[in-house]
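To keep things clear, I will list the structure first and then write my remarks on it.
The values are calculated or read from the model by the stated rules, or taken from the named source; none is laboratory data. Just so we're clear, the structure is a prediction, and the values are computed from it rather than from any experiment. Cβ coordinates were reconstructed from backbone atoms using ideal geometry, including for glycine residues, and neighbour counts include every protein chain displayed. The accessibility values were calculated without ligands, DNA or RNA, using every heavy atom of the protein model including side chains. Shrake-Rupley method; radii C 1.70, N 1.55, O 1.52, S 1.80 Å.
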Amino acid sequence: MQATPRSSTPVPADGPARHRRRSRGPLLGLLASAAALAGLATTLTGGANAAENPYERGPAPTESSVTATRGPYAVSQTSVSSLSVTGFGGGTIYYPTSTADGTFGAVAISPGYTARQSSIAWLGPRLASQGFVVFTIDTNTTSDQPASRGDQLLAALDYLTQRSSVRGRVDSTRLGVMGHSMGGGGSLEAAKDRPSLQAAIPLTPWNLDKTWPEIQTPTLIIGADGDSIAPVSSHSEPFYQTLPSSLDRAYLELNNATHFTPNTSDTTIAKYSISWLKRYIDNDTRYDQFLCPLPRPSLTIEEYRGNCPHTM
Ligand code: 9J3
Ligand code: ZN
């Protein structure tokens, strides 16, 4: 559904704190010059520009790289048995095979009511190949409600960072949540309960709670124009509209889509999910080009509301 777009909020004129400069002594100056040269070298070779942003991973993005079925990282996967964990139902961890680029941010993803991890499995390799550790989970029971799914997403992130076989590959300070339907409702619950989360992406979310003013995590809500199970007018739209207006937030309504569009490979979901996770989990401003100016309606986008990114 269309509504009058709200104006975007500009970045403060003094810029983010870590970009401010102050005078320094000769030794620090020398180190800074060396860092600048290293930054130049990595820029020229297309590598991660660690001097500018220590969380940046992978080459500079293009329209083609964010819409591709696979990103630059080869992906491995490992199964987590429900018998080996508590607080959620096990799952599959997809992660970049190489350890050469250090740790990665991570995202846990919950399926919806009656569904299992297979229903959201396409997102595992799709997102991990862009440079994230991705944990697609099963819930304890397929009828668990959104608040429980939120708790389970957080239990899965705790398992991932503290006990999993890939814990050494994960930066435990850079975590996000996603989910489909009641799992999307669960991702809102998780963000409400744990404001240290860096990104949330509910996919055609369903929840009886219609108001989310407590959320402090940058949130991209993806709805579907033809959703008759979680209609956007009573789910995604009020969820988005009740997020704090000061928050980095967006509402993407898929055109010609249904409640189950997030259950199969979808280029629009992938493009904006990758951009959101990169921008807010990795602080990677190279992805601002896909989020700002706000996407216009198109064959795949019914409408888009939100602000240009300003969180650092
Ligand atoms: O996870 C979902 O697909 C939630 C939609 C639903 O069936 O809610 C009715 C209780
Ligand atoms: Zn509420």
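Computed values, structure above
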{"quantity": "Pair list, Cβ < 6 Å and 6+ apart or interchain, from the range 83-97 residues that are on the phi > 0 side of the Ramachandran plot to residues that are assigned to a strand (DSSP E or B)", "calculated": "Gly90/Val80; Gly91/Val80; Gly91/Phe135; Gly91/Thr136; Gly91/Ile137"}
{"quantity": "Pick from the range 184-197, criterion open to solvent by less than 20 Å² (accessible area, probe 1.4 Å) and more than 14 Å from the chain's Cα centre (by Cα), ranking: nearest to ligand 1 (Cβ to nearest atom)", "calculated": "Gly185"}
{"quantity": "Candidate set from the range 261-304 (those that are charged (D, E, K, R) and open to solvent by less than 20 Å² (accessible area, probe 1.4 Å)); member that is farthest from Thr173 (Cα to Cα)", "calculated": "Glu303"}
{"quantity": "Qualifying residue in the range 139-160 (condition: touching a residue at least 40 places away in the same chain (Cβ under 8 Å), hydrophobic (A, V, I, L, M, F, W, C) and within 16 Å of ligand 2 (Cβ to nearest atom))", "calculated": "yes"}
{"quantity": "Test: Ala230 is within 16 Å of ligand 1 (Cβ to nearest atom), out of contact with any Phe, Trp or Tyr (no Cβ under 9 Å at 6 or more places or on another chain) and open to solvent by less than 20 Å² (accessible area, probe 1.4 Å)", "calculated": "no"}
{"quantity": "Candidates Thr311, Thr285, Thr264 - the one that is β-branched (Val, Ile, Thr), at pLDDT below 95 and over 19 Å from Val232 (Cα atoms)", "calculated": "Thr311"}
{"quantity": "Leu83 under 20 Å from Leu203 (Cα atoms) and at pLDDT 95 or above", "calculated": "no"}
{"quantity": "Qualifying residue in the range 164-178 (condition: modelled with pLDDT of 95 or more, open to solvent by 10 Å² or more (accessible area, probe 1.4 Å), within 27 Å of Gly226 (Cα to Cα) and within 16 Å of ligand 1 (Cβ to nearest atom))", "calculated": "no"}
{"quantity": "Members of the range 170-192 that are assigned to a strand (DSSP E or B) and of a type in the set (D, E, K, R)", "calculated": "Asp171, Arg174"}
{"quantity": "Residue ID - farthest from Arg174 (Cα to Cα), chosen from residues in the range 208-226 that are within 16 Å of ligand 1 (Cβ to nearest atom) and open to solvent by 10 Å² or more (accessible area, probe 1.4 Å)", "calculated": "Gly226"}
{"quantity": "Residue in the range 237-245 that is touching a residue at least 60 places away in the same chain (Cβ under 8 Å), in the same structural domain as Met182 (by TED's automatic domain parsing) and open to solvent by 10 Å² or more (accessible area, probe 1.4 Å) present", "calculated": "yes"}
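Yes/no matrix, rows are residues, columns are (1) more than 18 Å from Val134 (Cα to Cα); (2) within 16 Å of ligand 2 (Cβ to nearest atom):
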| site | (1), (2) |
| --- | --- |
| Lys192 | yes, yes |
| Gln198 | no, no |
| Pro202 | no, yes |
| Ile215 | yes, yes |
| Leu220 | no, no |
| Asp225 | yes, no |
| Gln241 | yes, yes |
